[in-house]
1. What is the residue count in the stretch 17-26 for residues that are on the phi < 0 side of the Ramachandran plot and modelled with pLDDT under 80?
2. Does LEU9 qualify as being of a type outside the set (S, T, N, Q), over 30 Å from ARG134 (Cα atoms), part of a helix (DSSP H, G or I) and modelled with pLDDT under 70?
3. Among LYS42, LYS50, which is loosely packed, with under 13 Cβ neighbours inside 10 Å, in a loop (DSSP other than H, G, I, E, B), modelled with pLDDT under 75 and in contact with a Phe, Trp or Tyr (Cβ under 7 Å, 6 or more places away or on another chain)?
Amino acid sequence: MRRWLLVLLAGLALQAQAQGGLYKWIDEKGVVHYSDKPPAGKAGEKLKAKSQPPLDAASSPQRSRSWQEQLQDSNERRYQEEKQQKEAQQKAQEAEQKCLRARNALDTLKREMPLYRVNKEGERDYMADEERRRLIAGWQQQADAHCK
């Protein structure tokens, strides 16, 4: 409310300055009035409006950025946010794939069936229990690191 009153007063001051003056008076009810004309039949106080000195280039504040510059900055921020979001999504997908791979390997290793590899001669080399425990421990670390 005060802001609007100040804006109104400033507007009246500018208008009054252009027309010759600004008057202030208080009516019977105690209400303060401002006008560009003196009150009829009453004594009003003539206000003096101070004019602002013109701004020169040296003392003027920095110009505000244009809408194009603001738009460009906004687009750059949006691009960076989208890039970070995509990177985070990609990392989450990679972690999920590593988790699935680790769980599948653990499931295979924990089964009671014998596991083997085929060597160069085409023969089966069965996995020793110690190697199985070592692989289970390694895959368990992978699952712990990537599964949540």
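1. 6
2. Values: of a type outside the set (S, T, N, Q): yes; over 30 Å from ARG134 (Cα atoms): yes; part of a helix (DSSP H, G or I): yes; modelled with pLDDT under 70: yes.
When the stated conditions are applied, LEU9 passes them.
3. Working: LYS50 fails: in contact with a Phe, Trp or Tyr (Cβ under 7 Å, 6 or more places away or on another chain).
Only one candidate qualifies: LYS42.
Residue-wise test of (1) exposed (fewer than 10 other Cβ atoms within 10 Å of the Cβ); (2) more than 18 Å from the chain's Cα centre (by Cα).
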position: LEU71; (1), (2): no, no
position: SER74; (1), (2): no, no
position: GLN80; (1), (2): no, no
position: LYS86; (1), (2): no, no
position: GLN97; (1), (2): no, yes
position: LYS110; (1), (2): no, yes
position: PRO114; (1), (2): yes, yes
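The values are calculated or read from the model by the stated rules, or taken from the named source; none is laboratory data. Small disclaimer: the values here were computed from a predicted structure and weren't measured. Every residue, glycine as well, gets a Cβ built from its backbone with ideal geometry; the counts of neighbours run over all protein chains shown.
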